[in-house]
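One structure is given here, and the rest of the page talks about it.
The values are calculated or read from the model by the stated rules, or taken from the named source; none is laboratory data. Note that the structure is a prediction, hence the values are computed from the model and not measured. Cβ placement follows ideal geometry from the backbone for every residue including glycine, while neighbour counts extend to all protein chains displayed.
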Amino acid sequence: MFYRFARAFCRVVLRTLRRWQVSGLENVPPGGGLVVASNHVSYWDPVAVGCALPRKVFFMAKAELFAIPVLGPVISRLGAFPVYRSGSDARAIKKALQLLRQGQAVGIFPEGTRSHTGELLPPHVGAAMLALHGGVPVLPVAVIGTRGVFGRVKVLIGKPLKFSRAGKNKEQYQAVAAAVMREIASLIDKAR
């Protein structure tokens with residue numbers, strides 16, 4: 001109930017203040033485990049992506065956000081869960097894989113942090129690892145224009161990417177992560 005109310009409210013804000021546009025909704029699988037991977041340039045990004053998709057997205061978010069009064073409890077109620085970025089966070093990985101096995105969509109920003117220049121940063125391998133171990137596709141999403149308070153926000157949803165589960169090792173994770181970022185870059189380029 002809280003999620004639906006928050007999403008409806010945020011959609012009104014995005015449409016009114018940010019002239020929000022979403023394209024590619026036909027690419028969103030209606031069910032089944034899914035890793036949603038997006039570029040990250042602003043605090044608006046999880047809001048824009050979560051509101052764009054017709055499915056609830058359980059975002060992995062940096063643990064520090066959960067210590068902020070009001071924000072921490074709100075994002076927890078919205079389904080976000082903490083990830084400690086200092087190393088491999090086994091608890092966050094276990095939680096994400098559990099959600100994927102339950103047929104949920106898990107949101108992750110492969111760059112690991114916001115890009116302050118707007119240029120794509122090199123990806124971490126988390127999204128790739130979750131997709132390969134979970135045996136689920138990755139839905140590439142590009143967000144454009146989320147910086148600031150005003151200006152048009154675009155969310156572009158690509159086609160799901162499916163990868164072979166064979167060879168789950170560092171090289172395979174890096175190859176999958178690079179492929180996902182290439183697709184996000186392609187979505188950004190097409191929008192310009």
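Numerical summary
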item: Whichever residue in the stretch 114-143 is modelled with pLDDT under 95 and among the β-branched types (Val, Ile, Thr) and, among such residues, is farthest from Ala96 (Cα to Cα); result: Thr117
item: All positions within the stretch 14-38 that are modelled with pLDDT of 95 or more and either touching a Ser or Thr at 6+ places or on another chain (Cβ under 7 Å) or in a helix (DSSP H, G or I) (or both); result: Leu25, Glu26, Asn27
item: Residue list for the stretch 1-33, filter: touching a Leu at 6+ places or on another chain (Cβ under 8 Å), of a type outside the set (A, V, I, L, M) and closer than 22 Å to Gln102 by Cα; result: Phe2, Tyr3, Asn27, Pro29, Gly33
item: Matching helices (runs of 4 or more DSSP H) fully within the stretch 54-151 where at least 2 residues are touching a helix residue (DSSP H, G or I) at 6+ places or on another chain (Cβ under 8 Å) and over 30 Å from Leu17 (Cβ atoms); result: 90-101, 126-134
item: Residue in the stretch 92-101 that is farther than 13 Å from Ser38 by Cα, among the basic types (Lys, Arg) and exposed (fewer than 15 other Cβ atoms within 10 Å of the Cβ) present; result: yes
item: Top-ranked residue in the stretch 6-28 [being surrounded by fewer than 14 Cβ atoms within 10 Å (Cβ to Cβ) and in contact (Cβ under 8 Å) with a residue 40 or more places away in the chain; ranked as farthest from Lys159 (Cα to Cα)]; result: Leu17
item: Subset of the stretch 141-192 (residues that are loosely packed, with under 14 Cβ neighbours inside 10 Å and of a type in the set (Phe, Trp, Tyr)); result: Phe150
item: Output for the stretch 1-42, where each listed residue is β-branched (Val, Ile, Thr) and either farther than 30 Å from Glu119 by Cβ or under 16 Å from the mean Cα position of the chain (by Cα) (or both); result: Val12, Val22, Val28, Val35, Val36, Val41
item: Counted residues, the stretch 51-69 - those being under 24 Å from Arg15 (Cβ atoms) and either among the charged types (D, E, K, R) or over 18 Å from the mean Cα position of the chain (by Cα) (or both); result: 2
